[in-house]
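The values are calculated or read from the model by the stated rules, or taken from the named source; none is laboratory data. Since this is a predicted model, take the numbers as computed values, not measurements. Because the Cβ atoms are built from the backbone with ideal geometry, glycine has one as well, and the counts that use them run over all protein chains shown. For accessibility, only protein heavy atoms count, side chains too; no ligands or nucleic acids. Shrake-Rupley method; radii C 1.70, N 1.55, O 1.52, S 1.80 Å.
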Amino acid sequence: MSKFFKALEQAEQERALRRHPAPSEPASERGPVPPETAPSRAPRPSLEPPRGVSDGLEEHLVSLLAPTSLEAEQYRELRHLVEQLHKSTGLSVVAVSSPCAADGKTTTSINLAGALVQAPDARVLLVDCDLRGAALATHLGLDDRTGPGLVDAILDANLTLEAVTHVLPRLNLSVVPAGRIPSAPYEVLKSPRFGELLAEARRRYDYIVVDTPPLVSVPDCRVLSKWVDGFLIVVTAHRTARKLLEEALHVTEPAKIVGLVFNGDDRHVARGYSYVSRRPSDRNGGGWPRRFFWSSTRRRQTASND
């Protein structure tokens with residue numbers, strides 16, 4: 001059993017103890033507590049978030065909360081693709097985007113990262129680059145006010161990547177929240193300092209999953225392209241317009257399109273695996289074949305559309 005699953009089991013045991021605490025004995029029956037056995041409070045690690053593993057997580061984050069479920073299996077298929085490209089092409093920085101807001105890109109980013117960390121030796125960093133609609137911290141139960149984030153590190157060269165990284169030891173996951181809301185997100189992401197931070201992340205981590213702004217509605221994603229290795233584009237069944245998808249593909253460098261994640265299609269629930277459609281790589285600017293993954297997590301994602 002990997003460290004990831006042991007951590008989940010331990011977290012569930014702790015939650016059960018908090019819900020059903022053992023009855024305490026009267027003080028007269030317990031007797032005095034010897035000095036050597038008196039309880040002491042262990043210091044909290046400085047980078048550990050203030051909440052537990054599952055207390056602050058939203059239920060649609062199936063890779064973290066229900067890694068053996070059918071829904072989580074879909075993201076494990078996506079993890080397999082990323083791992084194979086990591087070995088064959090050196091892909092490390094994966095941007096997850098969508099044509100417009102509320103297609104599920106943030107949920108996909110977190111679940112992909114959650115699937116990657118199930119490998120006990122994987123070093124995974126999750127970065128919130130959606131500076132106009134930052135949501136990673138909220139989804140993961142982190143408090144943005146507890147410290148600086150990505151924007152702070154870009155604007156202040158004295159802040160290192162480590163200084164803005166929140167380590168979630170029980171999940172084997174590291175997270176860089178967006179931080180303060182900038183007045184000019186495009187200019188912040190265009191800064192060479194952002195490239196320096198990602199270069200440092202490449203040295204420290206095996207995989208960097210980047211939650212980006214939407215592709216069509218704002219230009220921010222286009223300045224990120226030079227810093228990332230590939231894009232996963234999330235579309236939603238019965239919601240994302242074909243014209244918007246076509247425009248998203250048009251503004252994205254073809255060689256960097258890793259695949260499309262088709263989100264919320266219940267027709268593929270019974271199959272239990274992701275459907276992959278390959279196309280000749282020469283039609284994609286010499287890049288990777290495009291893959292199409294089907295995610296059957298619509299019911300769980302109704303709590304959050306992004």
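Can you tell me how much longer the chain between Glu247 and Ser88 gets when fully stretched, taken as 0.36 nm per residue apart minus their C-alpha distance, in nm with one decimal?
My answer for the length gained is 54.3 nm.
Let me have the relative contact order for region 115-271, percent, based on Cα pairs under 8 Å that are six or more residues apart.
Dividing the mean separation by the residue count of region 115-271 yields 24 percent.
Based on the mean of other beta carbon atoms within 10 Å per residue, what is the order of 252-258, 88-94, most packed first?
252-258, 88-94
Between Arg180 and Ala255, what length in nm is gained on full extension when 0.36 nm per residue of separation is reduced by their alpha carbon distance?
Numbers: separation 75, 0.36 × 75 = 27.00 nm, distance 3.27 nm.
23.7 nm is the gain from fully extending Arg180 to Ala255.
Using modelled backbone amide H atoms (1.01 Å from N, in-plane), which distant-in-sequence or interchain residues come within less than 5 Å of Ile257's amide H?
Residues meeting the criterion, in which the H sits 1.01 Å from N, are Phe231.
Of the accessible area of region 90-166, with the probe set at 1.4 angstrom, what percent is carbon plus sulfur?
49 percent
Testing the spin-label approximation: label points 7 Å from Cα along Cα→Cβ at Thr138 and Arg193. State their distance in nm.
2.6 nm
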